[in-house]
Amino acid sequence: MTTFLLHDDALRSRELRHEIGEAIMDPITYIELDGRRIIVASSLEKDILVARDDVVDEFIDSHDLGFDELVKDESVPVELLGAELVLRALRKLGAGTAVVPPTFRIQVADHLRAGGIELIVDGDEWAERRRKKTPWEIEGIERAQRACDTAMLTAARMLRDAEPTADDRLRLDGEILTAEWIRESMVAELLTQGADTEEIIVQSGDACLKGHEVGSGPIAADRSVIIDCFPRDRRTGVHTDMTRTFVPGTPSEDLRSLHKHCRTALELAYEHIRPGAREAFVTISDYFHSQGFPTRLHATSGGPLIEGFPHALGHGVGLDVHERPWMGRRSDELQEGDVVAVEPGLYITGIGGVRLEDTVLVAEGGVEHFTDPYPYDLEP
């Protein structure tokens, strides 16, 4: 009989948020014992959690574990009050061993082990649980995607309406168009749609080769602009992840070629994303390699790869922007119900970069989009 244990707040712990579906801001304890889902928390959280009979089978009030007397005992440090309640709850339930995630709080773990509880840290187990998306997570991803689509429309309009200057920059409404301005406008639009984000990548020209750098300064005319938006649905805390590449002005033939190859790679990847598969990254790397582009898979030098296809094909998306399953050199086998971002990209110094990315659901028949895919055109 396996006991699963979490102790944290549901804003910090993605594992806990996945299990209970509520944004509880104070630390609570989740125990799954022989299929029973038990919550230990204060009466402040009782009404919220008792109402969630779809995810909670039993509620134990911390008062019933002696919390009031524990607070009065000054021999117990304040920072260990919660840990002691967890220990008492496990003893009350007769659980001597528990499976916890790698994110489990060290101080609580030390106290439990000192109290005779064996803790088994199993990141794979908790990752597998999170890969099985709940209905509310799927709904949240769809809402986040709709918000992302609208924000991308805002960015495209700004690029389309801007006019080139004599020094190959862009001017919009009398002001020089910058990555910061586009980012701020997109964030504002996301908020009106019930989503938010910590960042949006807006890279122009050779800045497209700078990985996860968010981008700054003026947008260049006739150069590629990569916009990578990964908003969070405020209601559920789940994300989506989408990238489009635009060229404000006239794309060079080299940029058109990069875009054509990325578009082909995206469709090729979709053909290889299905339950039981794990070869999509290798397939796309082989395709790019056959077209003469460097790839991480085929690199022979030991240094970092900057040009060509230097990153993985994709990753899982959910309560974290980047989570299991991985689609790279150590790819996970895909499962029905996985939500993954697929992002082939090519980057060449002096030309710029192109990346196209969608978040999709892995279904029995292949991939399913959460909304109609935003257009892939280079022209904004």
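Rounded to the nearest Hz, the phi-derived 3J(HN,Hα) couplings of segment 293-300 under the Karplus curve 6.51 cos²θ - 1.76 cosθ + 1.60 (θ = phi - 60°) are 9, x, 9, 4, 5, 9, 5, 9, where x marks glycine and proline.
Under 5 Å from the amide H of R37 lie the amide H atoms of D57, E58, each residue being 5 or more positions distant or on a separate chain, with H modelled from the backbone and absent for Pro and chain starts.
About the centre of its Cα atoms, the chain shows a dipole size close to 640 debye [charges on the beta carbon of Lys, Arg (+1) and Asp, Glu (-1) only; nearest 20 debye]. Helix 280-290 and the longest principal axis of the C-alpha atoms of the chain enclose an angle of approximately 20°.
Within the shell of other residues whose beta carbon sits under 9 angstrom from the beta carbon of I226, the net charge comes to +1, with Lys and Arg scored +1 and Asp and Glu -1. With helices as the sole contributors, the chain gives -10000 deg cm²/dmol at 222 nm; each DSSP H run of n ≥ 4 counts as -39500 (n - 2.57), and the sum is divided by every residue.
Look at the dipole of the chain built from charges on Cβ: of S301, G249, T134, the Cα furthest out on the positive end belongs to S301. Counted over segment 72-204 with a bin width of 5 Å, the fraction of Cα pairs per bin, in whole percents, is 2, 8, 12, 11, 9, 8, 8, 8, 9, 8, 6, 4, 4, 2, 1, 0. Which one, F288, V354, L112, is farthest towards the positive end of the dipole of the chain when Lys and Arg carry +1 and Asp and Glu -1 on their Cβ? After comparing all options, I get F288.
Computed from the Cβ-Cβ distance with R0 of 45 Å, the FRET efficiency linking S257 to D110 stands at 0.20. Residues with beta-carbon under 11 Å from that of P344, excluding P344: net charge, scoring Lys, Arg +1 and Asp, Glu -1? Counting the neighbours of P344, the net charge comes to -2. The phi-based Karplus calculation (6.51 cos²θ - 1.76 cosθ + 1.60; θ = phi - 60°) puts the 3J(HN,Hα) values of segment 351-361 at 10, x, x, 9, 9, 10, 9, 9, 9, 9, 9 Hz, whole numbers, x for Gly and Pro.
Counting only Cβ charges, +1 for Lys and Arg and -1 for Asp and Glu, the dipole size of segment 3-131 around its Cα centre is about 260 debye.
The convex hull around the C-alpha trace of the chain, projected and averaged over every direction, spans 22.0 square nanometres. Here's the picture: a label point sits 7 Å out from the Cα of D168 along the beta-carbon direction, and within segment 336-380 the residues with their amide nitrogen under 13 Å of it are 350-352.
Each of F104, F288 has some number of other Cβ atoms within 10 Å of its Cβ, and from fewest to most they run F104, F288. A Förster distance of 45 Å, applied to the separation of the beta-carbon atoms of R274 and E74, puts the FRET efficiency at 0.15.
Summing charges over all other residues whose Cβ lies under 13 Å from the Cβ of V76, with Lys and Arg as +1 and Asp and Glu as -1, gives -4. As a proxy for reagent exposure, T300, T295 were ordered by neighbouring Cβ count within 10 angstrom, fewest first; the result is T300, T295. For the chain, the longest principal axis of the alpha carbon atoms and the long axis of helix 179-192 meet at an angle near 50°. Here the residues H239, H111, ranked from fewest to most Cβ neighbours within 10 Å of their Cβ, fall in the order H111, H239.
For segment 3-131, what does the alpha-carbon gyration tensor say about shape, rounded, prolate or oblate, given a ≥ b ≥ c as the root eigenvalues, a/c under 1.5 as rounded, and a/b over b/c as prolate? Oblate, because a/c is 1.5 or more while a/b does not exceed b/c. The angle between the Cα long axis of helix 135-161 and the longest principal axis of the Cα atoms of the chain comes to about 30 degrees, rounded to the nearest 10.
Each reported figure results from applying straightforward, stated rules to the coordinates on display, with no laboratory input. Note that the coordinates shown come from a computational prediction; the quantities given were computed from them, not determined experimentally. No Cβ is skipped: glycine too gets one built from the backbone with ideal geometry, and neighbour counts run over all protein chains shown.
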